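The values are calculated or read from the model by the stated rules, or taken from the named source; none is laboratory data. These numbers were taken from a predicted model, which means no experiment stands behind them. In this analysis, Cβ positions are derived from the backbone assuming ideal geometry, glycine residues included, and neighbour counts consider all displayed protein chains. Side chains included, ligands, DNA and RNA excluded: accessible areas come from the protein's heavy atoms. Shrake-Rupley method; radii C 1.70, N 1.55, O 1.52, S 1.80 Å.
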Amino acid sequence: MTHATPTERLDSVIISPVASIGEAIARLDKAGTGALAVCSSNRKLVGLLTDGDIRRAILKSRMLGEPCASISSLKPIVALQPVGLADALRLMNRHDVNHLPVVDAEGILHDLIMRRDLGAKIELEAIARQRLEGAVISPASSIADAMALLDKAGTGALVLCTNDRTLCGLLTDGDIRRAILQGKSMDAPCETIASPDPMVAPRFIPTGEALHLMNRHDINHLPVVDAENHVVEFLLRNDLMADVRLDLTAVIMVGGYGKRLLPLTETVPKPMLPVGDRPLLELTIQRLRRSGIRNVSLTTHYLSESIVTHFGDGEGFGVRLNYLKEDHPMGTASGLKHMKKSDSPFLVINGDILTGVPFREMLAYHRKHRAMLTVGVRKYDMQVPFGVVECEDVRITKLQEKPSFSFFINAGTYLLEPAACDYIPDGQPFDMTDLIQKLLEAGRPVISFPIMEYWLDVGRHEDYQKAQEDVLKGRI
């Protein structure tokens, strides 16, 4: 039976205090947990490092070579092992924290609980335990008995167990359908047509990890087992998919000409250029869907027919698509004025951006700072290839040999409150940069969200080539 062990899962969220901030950024991006436990070599907890700590460090221009412990919380809120899920949730709510390290009496880390999973996990555990009661069958029961129980359970699969709930296999409705087509006797034991070695998950697996496991192996049923291989829960992918939806709509700007990528864009709009085996825009929509975003609007102009033909209403890509076609290019913000008014913040992203930005965390950040508009920013380092001379009149005051300067650039990813659209004028070209400037002049809060995850603007030939290489290397 194949699953990641609790030890392997814990290892993925642990980092050494002496590891650099740069290493922590890479580890955090890979872990996808929003925080890392800073531990010594024996797993003794030293501190907690959140993505918020890293983003603040980036905004303060901290060197990425500095040890990550220098920006971590060294006295985080912790829970003593063992801790129940309900108790953990109460503790996190009381201290308003999103990550809770679980330690023993010696301070050794045993788990890192995430609040984003916890509330749903408590409810899901109760459902999964209750469902298990009606979906367990003996391996010796007949296929006919299994058919009757499966119809009653409505789960699409049954868990084969011994009397002490030791897992023996998994029987799906597909297994039964194949048995019928093959002319199997309905009196035969159901274990003869079941999968004897199904994919399983360890007890207390976070909801997000369970869904990732099911998506990766394309399975719809996941028995959850304890250390002795006793089944304790039965998860269905449909339950988990509903849990990870994000209350956020998205707008993708895909109307540009892509002139810098000529001649590639003579007959193909830039968002439809293939990156690997799929169009660039399909990768972006896939990223939104995996983040829980289901409603997406596309602002189109140049060669819009090819986009509409490929994506249609979006049903085949797991989203609902709406289109706004501009007869003339009106800038990156003008089309927002004509979108259906939203009651909550919405995401705007350039159609030529590939990014791993965590939209859920970006939304929480936006709300925490009560922003009217949040701009995703990316740190950009530029080195002058010559020695720089500073002068006062004719006198040289300072020499710098090939200095490096850091800037924050606009990363083409935004979160807006609906009221921000009131600042967009009617009937004239208007870009997102114009909107930002108007909001600043009006004294409305515009904040930056540092993007430390994967990010690439596919606007030039060399960038397009890099995207192809990154796909092959598994970075996208």
Exercise for the section: Could you check I137 against (1) closer than 30 Å to D173 by Cα; (2) in contact with a Ser or Thr (Cβ under 9 Å, 6 or more places away or on another chain); (3) crowded, with 20+ Cβ neighbours inside 10 Å and say which number it fails? Expected result: (2)
Exercise for the section: Within the stretch 63-85, identify whether any single residue is open to solvent by 50 Å² or more (accessible area, probe 1.4 Å) and β-branched (V, I, T), and answer yes or no. Expected result: yes
Problem - Leading residue by the ranking (nearest to G387 (Cα to Cα)) among those in the stretch 397-408 that are loosely packed, with under 12 Cβ neighbours inside 10 Å and within 30 Å of the chain's Cα centre (by Cα) - result: S406
Handout entry: Residues that are modelled with pLDDT of 80 or more and of a type in the set (A, V, I, L, M, F, W, C), drawn from the stretch 125-142
Key = L132, A135, V136, I137, A140
Completion exercise
If we keep only residues of the stretch 86-112 that are open to solvent by 50 Å² or more (accessible area, probe 1.4 Å) and part of a strand (DSSP E or B), then the residue nearest to F204 (Cα to Cα) is D111
Practice task
Would you check if S306 is assigned to a loop (DSSP other than H, G, I, E, B), of a type in the set (G, A, S) and farther than 28 Å from S61 by Cβ?
Solution key: no
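Taking the condition of a type outside the set (S, T, Y), open to solvent by less than 90 Å² (accessible area, probe 1.4 Å), at positive phi and within 29 Å of the chain's Cα centre (by Cα), does G376 pass?
It is false that G376 is of a type outside the set (S, T, Y), open to solvent by less than 90 Å² (accessible area, probe 1.4 Å), at positive phi and within 29 Å of the chain's Cα centre (by Cα).
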Exercise for the section: Report, by residue number, each residue of the stretch 172-191 that is in contact (Cβ under 8 Å) with a residue 40 or more places away in the chain, surrounded by fewer than 20 Cβ atoms within 10 Å (Cβ to Cβ) and not hydrophobic (A, V, I, L, M, F, W, C). Expected result: K184, S185, D187, P189, E191
Handout entry: Leading residue by the ranking (nearest to L363 (Cα to Cα)) among those in the stretch 36-49 that are open to solvent by 40 Å² or more (accessible area, probe 1.4 Å) and touching a Leu at 6+ places or on another chain (Cβ under 9 Å)
Key = V46
Practice task
Give the residue that is modelled with the lowest pLDDT, with candidates limited to residues of the stretch 233-245 that are surrounded by fewer than 16 Cβ atoms within 10 Å (Cβ to Cβ) and of a type outside the set (D, E, K, R).
Solution key: A242
Practice task
Test Y423 against the criterion of being surrounded by 12 or more Cβ atoms within 10 Å (Cβ to Cβ), farther than 24 Å from I353 by Cα and of a type in the set (F, W, Y), and give yes or no.
Solution key: yes
Problem - Selection count, the stretch 309-326, where residues are open to solvent by 60 Å² or more (accessible area, probe 1.4 Å) and either of a type in the set (V, I, T) or under 18 Å from the mean Cα position of the chain (by Cα) (or both) - result: 1
Practice task
Search the stretch 113-124 for residues being part of a helix (DSSP H, G or I) and under 22 Å from V78 (Cβ atoms), and hand back the single one that is modelled with the highest pLDDT.
Solution key: R115
Handout entry: Filtered residues of the stretch 390-438 (kept if farther than 30 Å from M362 by Cβ and not β-branched (V, I, T))
Key = E390, C391, E392, D393, R395, K398, L399, Q400, E401, K402, P403, G427
Exercise for the section: Would you point out the residue of the stretch 416-436, among those that are under 16 Å from S448 (Cβ atoms) and among the aliphatic types (A, V, I, L, M), that is nearest to the chain's Cα centre (by Cα)? Expected result: L416
Handout entry: Of all residues making up the stretch 437-461, the number that are within 27 Å of the chain's Cα centre (by Cα) and open to solvent by 80 Å² or more (accessible area, probe 1.4 Å)
Key = 1
Exercise for the section: Kindly provide the set of residues from the stretch 306-327 that are among the small types (G, A, S) and in contact (Cβ under 8 Å) with a residue 12 or more places away in the chain, ordered by number. Expected result: S306, G314, G318
Exercise for the section: Looking at (1) under 23 Å from A467 (Cα atoms); (2) out of contact with any strand residue (DSSP E or B) (no Cβ under 7 Å at 6 or more places or on another chain); (3) touching a residue at least 40 places away in the same chain (Cβ under 8 Å), find the lone condition where L303 falls short. Expected result: (3)
Problem - Residue match in the stretch 388-397 (condition: modelled with pLDDT of 90 or more, of a type in the set (A, V, I, L, M, F, W, C) and within 30 Å of T33 (Cβ to Cβ)) - result: no
Completion exercise
Every listed condition ((1) part of a helix (DSSP H, G or I); (2) open to solvent by 30 Å² or more (accessible area, probe 1.4 Å); (3) under 18 Å from I14 (Cα atoms); (4) not hydroxyl-bearing (S, T, Y)) holds for G52 save (2)
Exercise for the section: Report the residue count in the stretch 206-239 for those that are among the hydrophobic types (A, V, I, L, M, F, W, C) and touching a residue at least 40 places away in the same chain (Cβ under 8 Å). Expected result: 8
Exercise for the section: Can you tell me which residue within the stretch 5-35, out of those that are small (G, A, S), touching a helix residue (DSSP H, G or I) at 6+ places or on another chain (Cβ under 8 Å) and modelled with pLDDT under 90, is surrounded by the most Cβ atoms within 10 Å (Cβ to Cβ)? Expected result: G34
